[in-house]
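Take a look at the structure set out below.
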Amino acid sequence: MAAATMALSSSHRAVAVLLLLLAATLACHFDVVAAAVPECHCPGGKCRGLGVNYGTVADDLPSATRSVQLLRAAGAGAVKIYDANADILRALAGTGLPVAVMVPNEAIPSLASSRATAEGWVAANLAPHVPATRVIYLLVGNEVLSNRAVAGSTWRAIVPAMANLHRALRAHGIRKVKLGTTLAMDALSASYPPSAGEFRDDVAEDVIRPLLRFLTASRSYYFVDAYPYFAWAGNQNTISLDYALFQGEASSHYVDPGTGLTYTNLLDQMLDAVVAAMGKLGYGNVKLAVSETGWPNGGDAGEAGANVRNAATYNRNLAARMSKNPGTPARPGAKMPVFLFSLYNEDQKPGAGTERHWGLYYPNETRVYDVDLTGQRPSRSYPPLPPADDTDSSPAWCVLAGGGKAVNETAVQAALDYACQQGSGTCTAIQPGGACHEPDTLDAHASYAFNSYWQQFRKAGGTCFFNGLAETTNKDPSHGSCKFASSQD
């Protein structure tokens, strides 16, 4: 067979090449998942796509091996996982796919206080997989500064933990792994205009400055989770949807009065706010990486803009933008790692419906929508997208789940008490003599309290969840003289 293969004529070789190219094209356009064709629309396989966050908060996901095939079929250029999952790391071995591994938040204090603990963590979680698995980032914690409950125990431990892990990596001969930590946009106290970007007073000096010093010395990245969706959803009257989706007309562009720089999309504004904040601390040259971004493909009633059409538009445009024109107005041409959230719709994530609808794939392995993460596929070659089906087009309310019957009365009472303690006058109507006091039952009062809380705080991030005790509905729960506020009031 080898001799016969060597004897192929030039015309036969040309036909063989054409067949291979055709197979690659079919794999891209018809969802054929083949590990031999990991990246579509890339001549010679030289371009890399956006990275993808691979979360596992679900009970029905494909195996790690199959998930890696799906990542490669989408043209993913890297993958980020939320712990040192041995099955996933083994599945990634030999693929050459760059990997970011996250250290759990709860491990940070012990890693900071003990070099031996850090060495043990590396020995148990990374050393068995490197270099077969190409780990390039070790991220110490996930949005730690967003959790004020751990301010005393964990915030100031981030950089010492990174330092101990850096030493442990070197001790094991692992020298090509960059350390960092992922931070949400709420690490900033100001982000508009971008030139006004500034870190919060409670973290700027004690946490951020040492972090930036470490990142500078190690030539690593500031990893930011930046979601234009949430910024747009909370400010729909002032931010254009098209601007958030990378397709705003010139009339929607924004000129920063402090710098004169012109912004054509919301993500650039957010990223340059971080750049400005770092500059104010004297570290304006620290490299930037986007550890999470994306757009939800679905959500609860009342969650505006969360649909397949907008999710596909955002991610396709982001991939094309990063492929052709990386960087931001403040840092034109600067290449930066970008990770989309997420590989799957994860059905066990708590919170609003959008939390469970960020995936490129459904757990049954079908694509939620077509997207080429390399950004090379022409937009006209994609099939038509479904209508927007905006979840905010009809009024919505938040009520007690399960048909309005409390299964766990203790938990429902605690959730009701919490809701009533928030805001101003949240539960006035269910007090004795109030318009909604009757019927005087736990179930009825919980529905009113949940809805009153949600309508007050949903645009600021409040959710209709209450640990699974609440759900949204399009059926008005008002009765008699008791009126429930709706999402359109």
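The values are calculated or read from the model by the stated rules, or taken from the named source; none is laboratory data. From a predicted model like this one, the values you see are computed outputs, not experimental measurements. Backbone-built Cβ (ideal geometry, glycine too); neighbour counts: all protein chains shown. Ligands, DNA and RNA are excluded from the accessible area calculation, which covers all protein heavy atoms including side chains. Shrake-Rupley method; radii C 1.70, N 1.55, O 1.52, S 1.80 Å.
Taking 37 °C and 0.692 mPa s as the conditions, I'd like the Stokes-Einstein D for segment 74-128 in µm²/s, using the Kirkwood hydrodynamic radius from alpha carbon pairs. Mind showing how you got there, number by number?
Numbers: Rh = 12.4 Å.
The Stokes-Einstein estimate is 264 µm²/s.
A simple spin-label model places the labels of Ala132 and Thr238 5.4 nm from each other, with each point 7 Å out along Cα-to-Cβ. Here segment 51-381 exposes an accessible surface that is 49 percent carbon and sulfur, computed with a 1.4 Å probe and the other protein chains kept in place.
Length, then width, then depth: along the principal axes, the Cα atoms of segment 353-468 run 63, 26, 21 Å.
For Arg167 and Asp440, compute 0.36 nm times the residue count separating them, minus their Cα-Cα distance, and round to one decimal in nm.
Details: separation 273, 0.36 × 273 = 98.28 nm, distance 6.21 nm.
Stretched fully, the Arg167-Asp440 segment lengthens by 92.1 nm.
Whole-Hz Karplus values for segment 465-479 come out as 9, 6, 6, x, 8, 10, 8, 8, 8, 9, 9, 5, x, 4, 8 Hz, taken residue by residue from phi with 6.51 cos²θ - 1.76 cosθ + 1.60 and θ = phi - 60°; glycine and proline positions read x. When every Cα-Cα distance of segment 158-310 is counted in 10 angstrom steps from zero, the calculated P(r) takes the values 10, 35, 30, 19, 6, 0 percent.
Summarising the strand pairing of segment 51-381, around 20 percent of its internal DSSP beta bridges are antiparallel.
Close amide H pairs (under 5 Å, H built 1.01 Å from N) link Lys287 with Tyr222, residues at least 5 positions away or on another chain.
Counting helices only, and only those DSSP H runs with n ≥ 4, report the 222 nm mean residue ellipticity of the chain as the sum of -39,500 (n - 2.57) divided by its residues, in deg cm²/dmol to the nearest 500.
Working: 14 runs with 153 residues, N = 489.
Helices in the chain give a 222 nm mean residue ellipticity of -9500 deg cm²/dmol.
So, for the chain, what is the accessible surface per residue at a probe of 1.4 Å, expressed in square angstrom? It would help to have the intermediate numbers written out before the result.
Values: 21810 Å² over 489 residues.
Ligands and nucleic acids excluded, the result is 45 Å² per residue.
Write down the Kirkwood hydrodynamic radius of segment 224-328, to one decimal in angstroms, obtained as one divided by the mean of 1/r over all alpha carbon pairs. Intermediate results must be reported in sequence, preceding the final value.
Working: mean 1/r = 0.0684 Å⁻¹.
Its Kirkwood hydrodynamic radius stands at 14.6 Å.
Largest to smallest in accessible area, the residues Glu143, Glu205, Glu471, Glu249 fall in the order Glu249, Glu205, Glu471, Glu143 (1.4 Å probe, all protein chains included). Segment 464-478 and segment 258-310 have Cα centres lying 30 Å from one another. In this structure the amide hydrogen of Lys80, modeled in the peptide plane, comes within under 5 Å of the amide hydrogens of Val52, Asn53, Tyr54, Ala100, none closer than 5 places in sequence on its chain. The largest accessible area among His166, His445 belongs to the first residue in His166, His445, and the rest follow in falling order (1.4 Å probe, all chains). One chain, two ends: Ser381 and Ser424. Fully extended at 0.36 nm per residue, the span grows by 10.3 nm beyond their Cα-Cα distance. Loop-located trypsin sites (Lys or Arg not before Pro) across segment 156-209 with a Cβ neighbour count of 11 or fewer within 10 Å are Arg175, Lys176, with loop assigned by DSSP. Annotation: amide H of Val368 within the under-5 Å range of Tyr361, Tyr362, sequence separation 5 or more or interchain, hydrogens built in the peptide plane.
Extension gain Asp476-Ala116, at 0.36 nm per residue separation less the Cα-Cα distance, in nm?
Working: separation 360, 0.36 × 360 = 129.60 nm, distance 5.88 nm.
Full-extension gain reported as 123.7 nm.
Between the alpha-carbon centers of segment 335-385 and segment 200-220, tell me the distance in whole angstrom. Computed from Cα coordinates, the inter-centre distance equals 32 Å.
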